[in-house]
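K.L.:
One structure, as structure tokens, below. Some questions next.
Computed from the coordinates by the stated procedures, all read-outs in this text should not be read as laboratory data. Computed from a predicted structure; not experimentally measured. Cβ atoms come from the backbone with ideal geometry, glycine included; neighbour counts cover every protein chain shown.
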Amino acid sequence: MQLTLAAPAKINLLLDVTAALPNGYHSVAMLMQAIDLCDSVTLRTSQAPGIRLRCQTPGVPEDRRNIAWKAAEAFFETFGAAGHGIEITLEKRIPHAAGLAGGSTDGAAVLRGLRQLFHPKLSDAALCALGVKIGADIPFCIAGGLCLAQGIGEILSPLPALPPNFTLVLAKPPGGVSTKEAYAALHRRLPSLSHPNLPLALHYLTRGDWAGLFPLCANVFEQVTALPALDALRGAMRNHGALLAQMSGSGPTVFGVFEEEARAQSCAAELEQTTEEIFVCRALAQTAPGLSTNDSP
């Protein structure tokens, strides 16, 4: 059997890191929005046991270093698939190491696909409970839409997604950012960080008051990530009327939210002259509401 799944990227409308945890992780509070910039993940069952992975994008590992491989391995170890192996093909559109959950969303798609192929009665909560052991963003990538993510990212509360008429422009500067190194830099600055006002942001968001929400949005990684292009990209987006211009995740991708598509397209056209990777996107609604690894499988 074979099936192909879309693996959507995400942006962080708000990203706060509140404390270091004894296990080496950090507690977070994030407003995460899925977008229609997607990888394509194809799964093909095989009578030969084991996992095989192919990806034509340079720099993407095709072995156990890849989150998609780790997801398949964990799924088989936990739930089993007697007498079968799996061939995974990744078609990447989401940039690598860009703050867009490109690896985590591939892993989430693998888990969703293997459930469909081998264990269709598995709950979303069961997939999330497994997924968070592989990557903290995987539960959100299973849920999609717009969620408040807390804990280490696994406690999800669904929220109203960005309106479908909003247009998003993403600009990915050259190079990537190591999430591990970004968290290490943030950890050193944790006591002096300025934190966004999450309760007030949620007040406006749940009422659909985007004009009230966007001025409260912030990403604490911008306080520790040395990204030369950040100010220029944000400035260009704001000059074209972006309601919000901010870095996603640990960077380096910067996104802008536009109410008018014409302004978004004009911004994208200008940025294409100086930045190689530009994407014009829309927000996606939630596909699996109410997910939390605290739920029972």
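K.L.:
Cα-based Rg (one decimal) and Dmax (whole number) for region 6-135, in Å?
P.N.:
15.2, 47
K.L.:
How big is the convex hull of the Cα atoms of the chain, per residue, in Å³? All intermediate terms of the calculation are to be shown ahead of the outcome.
P.N.:
On the way: hull volume 37.6 nm³, N = 297.
Here the figure is 127 Å³ per residue.
K.L.:
What's the ranking of 170-179, 252-261 by average number of surrounding C-beta atoms within 10 Å, highest first?
P.N.:
Details: 170-179: 19.0, 252-261: 22.8.
By packing density, highest mean first, the sequence is 252-261, 170-179.
K.L.:
Could you give the distance between the Cα centres of region 229-275 and region 182-197, to the whole Å?
P.N.:
24
K.L.:
Assuming 0.36 nm per residue, please report the length gained on full extension of the stretch ARG207 to LYS180 beyond their Cα-Cα distance.
P.N.:
6.2 nm
K.L.:
State the answer as a single residue: which of GLY85, GLN33, ALA68 lies farthest towards the positive end of the charge dipole of region 1-95, with beta carbon charges of +1 for Lys and Arg and -1 for Asp and Glu, about the Cα centre.
P.N.:
In region 1-95, that residue is GLY85.
K.L.:
Okay, next question. For the pair GLN273 and GLU77, what calculated FRET efficiency results from E = 1/(1 + (r/R0)^6), where r is the Cβ-Cβ distance and R0 = 51 Å, to the nearest 0.05?
P.N.:
Working: r = 49 Å, r/R0 = 0.96.
Computed FRET efficiency for GLU77 and GLN273: 0.55.
K.L.:
Determine, for ASP231, ASP106, ASP39, the number of other Cβ atoms within 10 Å of each Cβ, and report the residues in order from fewest to most. Before the final figure, lay out each step's value.
P.N.:
On the way: ASP231 11, ASP106 29, ASP39 22.
Starting with the residue having the fewest Cβ neighbours, the order is ASP231, ASP39, ASP106.
K.L.:
Can you give me the Kirkwood hydrodynamic radius for region 167-281, using every pair of distinct Cα atoms, in Å to one decimal? Write down the numbers at each step before the final one.
P.N.:
Details: mean 1/r = 0.0669 Å⁻¹.
That comes to 14.9 Å for region 167-281.
K.L.:
Based on the mean of other beta carbon atoms within 10 Å per residue, what is the order of 92-98, 80-86, 114-120, most packed first? Each step should come with its number before you reach the end.
P.N.:
On the way: 92-98: 19.0, 80-86: 14.4, 114-120: 16.7.
Per-residue Cβ counts within 10 Å, averaged per peptide and sorted highest first, yield 92-98, 114-120, 80-86.
K.L.:
On a 0 to 90° scale, report how tilted helix 67-79 is relative to the longest principal axis of the chain, with both axes built from alpha carbons and the result rounded to the nearest 10.
P.N.:
Roughly 50 degrees, rounded to the nearest 10.
K.L.:
Sorted by average packing, counted as other Cβ atoms within 10 angstrom per residue and highest first, what order do 193-205, 143-155 take? Before the final figure, lay out the partial values.
P.N.:
Details: 193-205: 15.3, 143-155: 22.0.
Per-residue mean Cβ counts within 10 Å order the peptides as 143-155, 193-205.
K.L.:
Greater than 22 Å separation of Cα atoms is the criterion. Which listed pairs, LYS10/LYS133; LYS92/LYS121; LYS70/LYS133, meet it?
P.N.:
Working: LYS10/LYS133 19 Å; LYS92/LYS121 29 Å; LYS70/LYS133 10 Å.
From the list (LYS10/LYS133; LYS92/LYS121; LYS70/LYS133), the Cα-Cα distance tops 22 Å for LYS92/LYS121.
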